[in-house]
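Novice: Quick one: structure below, then a few questions.
The values are calculated or read from the model by the stated rules, or taken from the named source; none is laboratory data. For clarity, every value in this text was computed on a predicted model and none was experimentally measured. All Cβ positions, even for glycine, are placed from backbone atoms using ideal geometry, and neighbour counts span all protein chains on display. These accessible areas exclude ligands, DNA and RNA; they are computed on the full protein's heavy atoms, side chains included. Shrake-Rupley method; radii C 1.70, N 1.55, O 1.52, S 1.80 Å.
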Amino acid sequence: MKPSLSLTRRHFLGTAAAFGGAAVAPSLLPGQAHAAGSLTVGFIYVGPKDDFGYNQAHAEGAAAVKAMDGVTVIEEENVPETNDVQNTMQSMINFDGAALLFPTSFGYYNPHILELAPKFPDVRFEHCGGLWGADDPKNAGSYFGYIGMGQYLNGIAAGHATKSKKIGFVAAKPIPQVLNNINSFLLGARAVDPSITCQVIFTGEWSLAVKEAEATNALADQGCDVITCHVDGPKVVAETAAARGAYICGYHADQSPLAPEMYLTGAEWNWAGVYTDMVTKFMAGEPIDNFVRGGLADGFIKMSPLGPAVSDAARNQFEATKAEIMKGGFAAIKGPLKDNKGNMIAAEGEAFVESDVALESMGYLVEGVIGSTS
Amino acid sequence: MTDIGLWGVPLAILGGAIRVSTPFLFVSLGECLTERSGRINLGLEGTLVFGAMTGYAVAYQSGSPWLGVLAAALAGAVFGLFHGWICKFRGVNDIAIGIAMMLLGMGLAFYFGKPFIQPVAPDLPAIPLGWWSDIPQVQAALQVNALFIVGGLLALALHWMFRATRIGLTIRVVGDSTDAARAIGLNPDTVRLLATAAGGALAGIGGAYLSLYYPGSWNEGISSGQGLMAVALVIFARWNPINCFWAALLFGGAGALGPALQSVGVSSGYYLFFAAPYVLTLALLILTSSPDKALHGAPGELSITK
């Protein structure tokens, strides 16, 4: 409830400013401050920025931007994917003078950024995860990383660690990025042993602690002995899995401090480099691509250090595959491959490399994944 | 690990009932006590969240989870006292104050809880009641937290208190008729103040269970409305503490249904299974309702029944 209270205050201030200063001094509003050689950058998070997960990964990137000269960083946490985010963006632009915004949550893009971008042509909106299209505003952009490759590497560590040949995935919602992660996790494990299956449980929400714990317990009950997840804050999943004696592959950020003995490795975001790059370009007045993507080789993602439970065989295959991915053009989804309903998704010789845009509208779970997208 | 297949579903429901029900149980017992004295405290969701934060913070700082539970109970009692104190003034609506207290509790918890999202506090210990079984899944499902057992005993104790003790009679008289209570020399405001404080303390303990045992971590979405549902459970349980216990178990077990069904391969339509607790509640309310005694058991002074 706190955000809406502060927004009311902002609304009040906004109205007051419109009454008091609209005619007199629009140029005195701090919105123009960035012209003077300093830049204000706004970061917006959907949850708390120390959640051991998605938001923490972005906040670590924001911290790197904060350390740059001439840059002021403003942040707001717990902003829902509703009109609230439009209010937050407007107040960052109008009152804090932000000229570059990073609204980081998936649901901020459509319709919220698409609605605001045309109204503030001088402000740059950089969105994580969205699919910027040629018809979208030119001052908006989307960036994302091929983190599915990280889940593929997680799968290799998991494939060596599992004894039951069953691995588990706690997923939030069946959107393409999540499905890609589930598929990649299983395919990585199947690169070790093709008889491995992956059980997926959808919780329906990005952050729902009790349901995530229940899902993890249900996976452990069914004998899954390596568990990973795609929810905003993997803390609960990691702690619950460790308590049930299952190994953990991390996601978003490094969760190894939560269960050092049971943590195999993890697929982490590495936003620091991406963000400082974008800010440097923006300050120099150079154009930023509207559609930015990168993988392990580009420093968009990284792997957590391998944990003590990882065997030598696992380590060798992990490092070899990682080197393969670093060369670029790696494909986890390659033919012949069926989905778990029996439909052909890649014919013999067909392959979807990590950078293939088709992967960003994925709507299937591959053969060997036990679960359903609806 | 033994392959238990479809047995996973009833086992998950049993395990879920034991793991998830405790916060529902404590909040609904607290609310039951408050409502039997003739007052509604809708703010228990805020108390639950604040209790979760306080419990986690104190357990982390002190290293003792039980100290955390105590602190959560004290914090809950303070919230209850505040609610009870404001409500004694003339013309104050207890429902409106409750909603305000809910927002206040959550806001304060988010504000003070900021530094405790990341640290890991010690968990409350569990009692392994599944020692008789060789199956690890059964052992895991029967890891019972002491607070669950305390909650069950408390339900019995409250039931006995209402039925057979002087304190119970006092609370019932105040809840059923303010005038009658005054006539026999009771001070309804004091009784309600104490009942609301005790109810708040119980809700605080429920919150500590959330952050210190299951799911065992503090973050801002920890409760996801459990405190509000528990208040509704009291009506569902017809203001009877024993029924509160069963209602909480039912709710916890039904909540485990969605993940459990997905884990055995029944995966389509999971959003529907997630609605199971609410559908069950509705169905039971309809089945057990009757036109003659629709609000049977409701305290006479309760503002929703007056």
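Novice: Residues of A:76-83, mean number of Cβ from any other protein chain within 10 Å of their own Cβ, rounded to a whole number? Before the final figure, lay out the partial values.
Specialist: Values: counts 0, 4, 3, 0, 0, 0, 0, 0.
Taking the mean over all residues of the peptide, I get 1.
Novice: Give me the compactness ratio for chain B, meaning the Cα radius of gyration over 2.2 N^0.38 Å.
Specialist: Taking N as the residue count of chain B, the ratio is 1.01.
Novice: Where the centre of each part is set by its Cα atoms, how far does the range B:83-133 sit from the range A:99-118, in angstrom?
Specialist: Here the answer is 34 Å between Cα centres.
Novice: Right, here's the next one. Quick one: of the DSSP bridges fully inside the protein assembly as shown, what percent are antiparallel, nearest 5? The partial results should precede the final answer.
Specialist: Working: 11 of 51 bridges.
Here the share of antiparallel DSSP bridges comes out near 20 percent.
Novice: Using alpha carbon centroids, what distance separates the range B:1-28 and the range A:35-73, in Å?
Specialist: 41
Novice: Measuring from centroid to centroid over Cα atoms, what is the spacing of the range A:163-214 and the range B:195-242 in Å?
Specialist: 31
Novice: If each DSSP helix of 4+ residues adds -39,500 (n - 2.57) and the sum is divided by the residues in chain A, what number results at 222 nm, nearest 500 deg cm²/dmol? Intermediate values should be presented prior to the final figure.
Specialist: Numbers: 9 runs with 125 residues, N = 374.
-11000 deg cm²/dmol, from helical runs alone.
Novice: Below 15 angstrom from the Cβ of A:Met326, what's the summed charge of the other residues (Lys, Arg +1; Asp, Glu -1)?
Specialist: -1
Novice: Could I ask something else about it? Specify which residue in the list B:Val144, B:Leu193, B:Ser217 is farthest towards the positive end of the charge dipole of the range B:132-222, using unit charges on the beta carbon of Lys, Arg (+1) and Asp, Glu (-1), about the Cα centre.
Specialist: The one lying farthest along the dipole's positive direction is B:Leu193.
Novice: How far apart, in nm, are two points set 7 Å out from the Cα along the Cα-to-Cβ line at B:Ser268 and at B:Asn187?
Specialist: Distance between label points: 6.6 nm.
Novice: Further question on the same structure: What net charge do the residues around A:Val46 carry, taking every other residue with its C-beta under 9 Å from that of A:Val46, with Lys and Arg at +1 and Asp and Glu at -1?
Specialist: Surrounding charge for A:Val46 is -3.
Novice: Report relative contact order for chain A in percent, whole number only (criteria: Cα-Cα under 8 Å, sequence separation at least 6).
Specialist: Relative contact order of chain A: 17 percent.
Novice: Continuing with this model, one more query. Based solely on its DSSP helices, what 222 nm [θ] is calculated for chain B when runs of n ≥ 4 H residues each add -39,500 (n - 2.57) and the sum is averaged over all residues, nearest 500 deg cm²/dmol?
Specialist: -23000 deg cm²/dmol
Novice: Report, as an integer, the average count of C-beta atoms from other chains found within 10 Å of each Cβ along B:96-104.
Specialist: On the way: counts 0, 0, 0, 0, 0, 0, 1, 4, 1.
If you average over the peptide's residues, the count of other-chain Cβ atoms is 1.
Novice: Could you report the accessible area of A:Met326 in Å², rounded to 10, computed with a 1.4 Å probe on the protein chains as they sit in the structure?
Specialist: Taking all protein chains as shown, A:Met326 has close to 90 Å².
Novice: Considering the options B:Tyr270, A:Ala63, A:Phe52, tell which one lies farthest towards the positive end of the dipole of the protein assembly as shown, charges being +1 on Lys and Arg and -1 on Asp and Glu at the Cβ, about the Cα centre.
Specialist: B:Tyr270
Novice: Let me ask another. What is the average number of partner chain Cβ atoms found within 10 Å of a Cβ in B:263-272?
Specialist: Average per residue, whole number: 6.
Novice: Taking the Cα centre of the range A:33-145 as origin, work out the dipole magnitude from +1 charges on Lys and Arg Cβ and -1 charges on Asp and Glu Cβ, in debye rounded to 20. Before the final figure, lay out the partial values.
Specialist: Working: 5 positive and 15 negative charges, 55 e Å.
Computed about the Cα centre, the dipole is about 260 debye.
Novice: Here is a follow-up. Report the Stokes-Einstein translational diffusion coefficient (µm² s⁻¹, integer) for chain A, Rh taken as the Kirkwood radius over Cα pairs, at 25 °C with viscosity 0.890 mPa s. Write down the numbers at each step before the final one.
Specialist: Numbers: Rh = 21.5 Å.
In µm²/s, the coefficient rounds to 114.
Novice: On to the next question. At q = 0.14, 0.17, 0.23 Å⁻¹, work out log10 I(q)/I(0) for the range B:163-233 with the Debye formula, treating every Cα as an identical point scatterer and leaving solvent out; two decimals please.
Specialist: The Cα Debye sum returns log10 ratios of -0.60, -0.74, -0.97.
Novice: Hey, got the dipole for the protein assembly as shown? About the Cα centre, +1 on K and R Cβ, -1 on D and E Cβ, debye to the nearest 20?
Specialist: 2000
Novice: Turning to a different aspect of this structure: For the ranges A:268-277, A:219-228, what's the packing order if you count other beta-carbon atoms within 10 Å of each residue, average per peptide, and put the highest first?
Specialist: On the way: A:268-277: 20.5, A:219-228: 27.1.
Highest to lowest by the protection proxy: A:219-228, A:268-277.
Novice: Among all helices in chain A defined by DSSP H, which have a length of 24 Å or more along the axis from Cα atoms plus a Kyte-Doolittle mean of at least -0.5?
Specialist: Helix filter hits for chain A: A:2-21.
Novice: Given contacts defined as C-alpha pairs under 8 Å and at least six residues apart, what's the relative contact order of chain B, whole-number percent?
Specialist: The value is 36 percent.
Novice: Angle check, please: helix B:276-288 long axis (alpha carbons) against the longest principal axis of chain B (alpha carbons), in degrees 0 to 90, nearest 10.
Specialist: Once rounded, one gets 50 degrees.
Novice: Let me ask something additional. Using a simple charge model, +1 on the beta-carbon of Lys and Arg, -1 on the beta-carbon of Asp and Glu, nothing else, what dipole does chain B show about its Cα centre, in debye to the nearest 20? Could you put the intermediate results ahead of the total?
Specialist: Values: 14 positive and 13 negative charges, 143 e Å.
Roughly 680 debye, rounded to the nearest 20.
Novice: Next question. Determine the sum of side-chain charges near A:Pro194: Lys and Arg each +1, Asp and Glu each -1, restricted to other residues whose C-beta is under 15 angstrom from that of A:Pro194. Mind dumping the intermediate values first?
Specialist: Details: positive: A:Lys165, A:Lys166, A:Arg190, A:Lys334, A:Lys338; negative: A:Asp193, A:Glu367.
Here the charged neighbours net out to +3.
Novice: So, one more: When chain A is modelled as a GNM with alpha-carbon springs shorter than 10 Å, which of A:Ala63, A:Ala351, A:Ala134 fluctuates the most?
Specialist: Sorting by GNM fluctuation, first place goes to A:Ala134.
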